[in-house]
Ligand code: GAR
């Protein structure tokens with residue numbers, strides 16, 4: 001049984017997509033994996049209630065209670081490690097993690113970011129995309145490296161930017177793709193179909209094209 005730990009900071013819709021998929025009959029029979037814990041760096045994260053509704057244990061580790069970023073990272077890493085995870089998912093975790101933390105979980109730690117990386121790292125990605133005038137936008141799941149929103153790309157989902165799109169409409173369409181993309185990547189990592197080797201994603205037994213979601 002593969003053990004998944006999810007880290008969140010807010011709404012938790014990506015967490016919910018993982019939980020719903022992992023609880024589906026198909027996963028239950030095909031993928032021996034489950035979410036064993038959800039950890040938030042904010043006590044007010046709505047995603048904590050999402051986890052609780054699915055019967056998943058939660059905890060909160062707030063950075064402001066720690067004297068330094070290293071101390072926070074170390075406490076968070078210990079809390080995650082206590083659950084002996086095979087996969088750690090940053091599912092809307094809005095805090096940069098230090099290189100020590102990233103090294104400790106290398107190959108097990110993935111993030112979802114709402115842009116087609118390497119375009120538009122950081123915040124306000126949909127605003128950045130509209131300002132740049134791109135015609136295609138989307139989301140990326142990648143292994144976490146110490147640079148912000150960096151690391152080997154696993155898979156991407158793309159959508160068309162429409163003439164009348166604003167930040168909200170664009171965000172909503174990208175989010176709906178995130179909810180398809182992230183559970184798939186979690187599953188592939190649990191199954192060993194994708195892995196990190198020498199800083200690059202290696203892909204095993206997957207249909208060609210599976211890593212690009214174009215719907
Ligand atoms: C998602 O859009 C996710 O891609 C983004 O935060 C949102 C969380 O929503 N993550 C980042 O921007 C990380 N750089 P959720 O809490 O509803 O899943």
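We did not get these values from a lab; they are worked out from the coordinates using the rules stated. From a predicted model like this one, the values you see are computed outputs, not experimental measurements.
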request  = Kindly identify region 68-215 as rounded, prolate or oblate by the Cα gyration tensor criterion: order the square roots of the eigenvalues as a ≥ b ≥ c, call it rounded if a/c is under 1.5, otherwise compare a/b with b/c, prolate if a/b is larger, else oblate.
outcome  = oblate
key: DSSP-defined antiparallel bridges as percent of all bridges, the chain, nearest 5   = 45 percent
task = Quickly estimate the mean residue ellipticity at 222 nm for the chain, helices only: each DSSP H run with n ≥ 4 gives -39500 (n - 2.57), and the total goes over all residues, rounded to 500.
result = -10500 deg cm²/dmol
query = If you build a Gaussian network model of the chain, linking Cα atoms that sit under 10 Å apart, which residue out of 157, 49, 132 swings the most?
reply = 132
request  = Report the residue, chosen from 88, 102, 144, that carries the largest GNM mean-square fluctuation when the chain is represented by alpha-carbon nodes joined by springs under 10 Å.
outcome  = 102
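Per residue and in Å³, how big is the convex hull formed by the alpha-carbon atoms of region 1-156?
It is 120 Å³ per residue.
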